[in-house]
Amino acid sequence: MKRDIQYIESIVCAGEKVDPDVLHTRDRHGFIVDARNKIMYLAMNFGNVGREVVAYYGMKHPAENYARREIQKRRCWDRIYDDVMREYEEQIRCDTGEQLSFIQQMIVNLKKEVKKVREQINYLEKTYENA
């Protein structure tokens, strides 16, 4: 299902807390480039043509390949980043367009991971105390 790039941009900008107007500048700060790459990647995955997406930001054709490659690489090695991208994809697929709280979901996931690590640490401490 094709989703409008402005719709995708609004979802990512809300999640990343970035002003959409800043994305159309030549600013190369990391968080802005990352947000722009996420939008281009998601837009291409949801039926938009790469050249149109890149032109939307006033960029040249190689930017579409760069965005796709960078996001795919990062999703492979950064699980939290991959979770955030999955949340964006779910939000885009959602017909009502309701925006989920990404930060709250990430906090819940992190708390679960911290709990597991604490349990492992406690187990190791008890094991070494008894040895």
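Structure summary
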item	result
The chain: most fluctuating residue of VAL49, VAL117, VAL108 per GNM, C-alpha cutoff 10 Å	VAL117
Fewest-first ranking of LEU23, LEU42, using other Cβ atoms within 10 Å as the exposure measure	LEU23, LEU42
GNM flexibility winner over the chain from ARG26, ARG118, ARG68 (Cα, springs under 10 Å)	ARG118
0 to 90° range, to nearest 10: angle between helix 62-77 axis and the chain longest Cα axis	10
Counted charge near PRO20, where neighbours are those whose Cβ lies closer than 11 Å (Asp, Glu -1; Lys, Arg +1)	-3
Residues of region 26-47 with amide N under 20 Å of a point placed 7 Å along Cα→Cβ from ASP78	27-45
Proximal charge balance of ARG79 [Cβ under 12 Å; K/R count +1, D/E count -1]	-1
Total formal charge among the other residues, if their Cβ is under 13 angstrom from that of PRO62, Lys/Arg +1 and Asp/Glu -1	+2
Gain upon complete extension [ARG26, LYS112; 0.36 nm per residue less C-alpha separation]	27.0 nm
About the Cα centre, charge dipole magnitude for the chain (Lys/Arg +1, Asp/Glu -1 at Cβ), debye	400
Radius ratio Rg over Rh of the chain, counting only Cα atoms, Kirkwood formula for Rh	1.14
Relative contact order of the chain, pairs being alpha-carbon contacts under 8 Å that are 6 or more residues apart, as %	22
Separation of the GLU125 and GLU89 label points, Cα + 7 Å toward Cβ, nm	3.9
Value of [θ]222 nm, deg cm²/dmol, for the chain, DSSP H segments ≥ 4, -39500 (n - 2.57) each, nearest 500	-24500 deg cm²/dmol
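All of the numbers you see were taken from the coordinates with simple rules; none came from a lab. What you see is a predicted model, and the numbers here were worked out from it, not measured in a lab. Every residue, glycine as well, gets a Cβ built from its backbone with ideal geometry; the counts of neighbours run over all protein chains shown.
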